[in-house]
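Encoded as structure tokens, the structure appears first; notes follow it.
Derivation of every value follows stated rules applied to the coordinates shown; laboratory data play no part. No experiment lies behind these values; they were computed from the predicted model shown. Cβ coordinates were reconstructed from backbone atoms using ideal geometry, including for glycine residues, and neighbour counts include every protein chain displayed.
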Amino acid sequence: MTVLLEMKGIGKSFPGVRALDQVNLTVEAGEIHAICGENGAGKSTLMKVLSGVYPHGSYEGEIVYEGAVLANRSLSDSEEKGIIIIHQELALVPLLSIAENLFLGNEVAKGGVINWPETFQKTESLLKKVGLSESPSTKVEKLGVGKQQLIEIAKALAKDVRLLILDEPTAALQENDSQKLLDLMLELKAQGVTQIIISHKLNEISRVADRITVIRDGTTVSTINRDEISEDRIIRDMVGRDMANRYPERVPNPGEVLMEVSDWNVWHPEQQNRQMIRDARFTVRKGEIVGIAGLMGAGRTELAMSLFGKSYGRNISGTVKMGGKLVDTSTVTRAVAAGLSYVTEDRKVLGLILEEPIVRNVTLANLPGVARRGVLDKRRETQVSEQYRKAMAIRTPGVQQKVVNLSGGNQQKVVLSKWLFTDPQVLILDEPTRGIDVGAKFEIYTIMNDLAAQGRGIVMISSEMPELLGMCDRIYVMNEGRLVGELTREEASQERIMALIIRDNGQKTEGRKAGEGEAA
């Protein structure tokens, strides 16, 4: 095949950090080429060099594209050559229509006047290509994340893309949306569009990639052809060692009940007649990891947020007991005082202040713990943050490092540190390993096991069923705002979890009363 892109000896440094060191990458025309590596390995940095985010002259090495040396000074330079990057954080304007987003900065205009009929006609054609039937006038804020991701690809197609770069495209997508996106990638490949995908989901990479380049610590480790691709090989090259078990071993030893939630009901914050959680009941014991499984939209996050300071919903009713005693969790402050903490699924928006240093983020939820007579003790703040940096193995030169500069796995450790400093009895972890690599996942799992060994209770919400099966002592199954089943570690399987959901859907169609749960 014809070589489309060669990146030779690429190096990139930031203050105190060597992000890339002699990285080599060759991409053939018409292939899907995956780039794998742990968080912080340099994958996204390499793609920012390629796409002009980091302009020519700010890095070392040479880029040859379509036989000519590439010297992009900006994103617009690379887009003119057909190189389009779709970042993990989507770059759409929520309040604008689909049509306006697709052609923003690339308007269909003549004499400075936009031709709206032609814009809408081209939008309809592009939407059809990516499998969407929405009206071009629909505002992007009305679409789910899966459809927004497809809109980003349509936007790239509007710019005559020849090399499409997708950075963690399925990180925030549910299973069905992920499969649609992967199918679209294969369709684009058939149309001759060359693609580079960065992803931590090895099963997805194995499905679509023709070749995989693995980067470790800013250096190219290997390039693997399709007939040599295996998850074990990828993991070994990523982390530099074999990982026989993806989940650390733990001998469950649950104790007395720590938290008991009864008759929990939550209504939608805006839609008056929509009940989000119905009569939820569950328990968490000391030293126990309890999972909550369910399809996207089942109400798992709504349940967690409503329990933690009523951060979601209205007309919330029900009881929460800690250690057998009724507690008030009606505000975040009261929930924390009762011994509850919640690690949000969206660490970048709701869990961290990205532009602040580690030291500020770690102590933010418990400022009285680093204050004397109401005045912040910066020395104490630094000491506490250093203790958590070491205990959680946060990879950083020091606690004054801004959180925005950390990898996803290290950011997640900072969020965990923040809530552990409040000394919780029960931690609710919502998608705790979303968007982090297999090595960092193992570290988070180990931390969870250590917390359980200390006698803390953990509630784990995850969209990855193998993760729940590998980590949890019990799993509650949720469907449309109701807990419809409970499975022990021995009983649990992907098939049984899905069977509970499907059976519940079938019973509702036969007139089953809302709120009737069923234990497995």
Checklist entry - Per the Kirkwood treatment, what hydrodynamic radius in Å, one decimal, follows for the stretch 257-509 from the mean inverse distance over all distinct Cα pairs? => result 18.8
Item to check | Ordering of 449-456, 196-203, 265-272, 478-485 by burial proxy (mean other Cβ atoms within 10 Å per residue, highest first) | outcome: 478-485, 196-203, 449-456, 265-272
Checklist outcome for this item: Taking only C-alpha positions in the stretch 453-502, Rg and Dmax in angstrom work out to 11.1, 37
Item to check | Contact order relative to length of the chain, as percent, for alpha carbon pairs under 8 angstrom and 6 or more apart | outcome: 14
Checklist entry - Over 25 Å between Cα atoms, which of 286/441; 81/142; 8/43; 48/159; 43/81 qualify? => result 81/142
Checklist outcome for this item: Percent antiparallel among DSSP beta bridges confined to the stretch 257-509, rounded to 5, stands at 60
Checklist outcome for this item: The rounded separation in angstrom of the Cα centers of the stretch 121-191 and the stretch 335-363 is 32
Next on the checklist: Defining a contact as two alpha carbons under 8 Å apart and six or more residues distant in sequence, what relative contact order in percent does the stretch 316-429 show?
Outcome noted: 36
Checklist entry - Suppose every K and R has +1 on its Cβ and every D and E has -1 on its Cβ; what is the size of the dipole of the stretch 3-239 about the Cα centre, in Debye to the nearest 20? => result 280
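What's the local net charge at residue 103, with K and R +1, D and E -1, over the other residues with C-beta under 11 Å away?
Summing Lys and Arg as +1 and Asp and Glu as -1 gives 0.
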Checklist entry - Taking only Cα atoms, what is the 0 to 90° angle, nearest 10, from helix 116-129's long axis to the longest principal axis of the chain? => result 70
Checklist outcome for this item: If one compares the long axis through the Cα atoms of helix 408-420 with the longest principal axis of the Cα atoms of the chain, the angle in degrees, nearest 10, works out at 20
Checklist outcome for this item: Percent antiparallel among DSSP beta bridges confined to the stretch 97-202, rounded to 5, stands at 40
Checklist entry - Counting DSSP beta bridges in the chain, what percent are antiparallel, to the nearest 5? => result 60
Checklist entry - When the Kirkwood hydrodynamic radius is evaluated over all pairs of different C-alpha atoms of the chain, what value in angstrom, to one decimal, is obtained? => result 24.9
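Let me check I've understood the local charge: for residue 381, count other residues with C-beta under 13 angstrom from its C-beta, Lys and Arg +1, Asp and Glu -1. What total comes out?
+4
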Checklist entry - Tell me, 312, 476 in order of fewest to most beta-carbon neighbours within 10 Å? => result 312, 476
Next on the checklist: For a quick check of your reading of the filter: which GluC sites (Glu not before Pro) in the stretch 347-445 sit in a DSSP loop and have no more than 11 other Cβ atoms within 10 Å?
Outcome noted: 355
Checklist outcome for this item: Normalised Cα Rg of the stretch 31-84, dividing by 2.2 N^0.38 Å with N its residue count, works out at 1.15
Next on the checklist: Quick check: the angle from helix 438-453's long axis to the longest principal axis of the chain, C-alpha only, nearest 10 degrees?
Outcome noted: 10
Checklist entry - Sorted from fewest to most neighbouring beta carbons within 10 Å, what does the list 428, 353 look like? => result 353, 428
Checklist entry - Of the listed peptides 217-224, 467-474, what is their order by residue-averaged count of other C-beta atoms within 10 Å, with the highest listed first? => result 467-474, 217-224
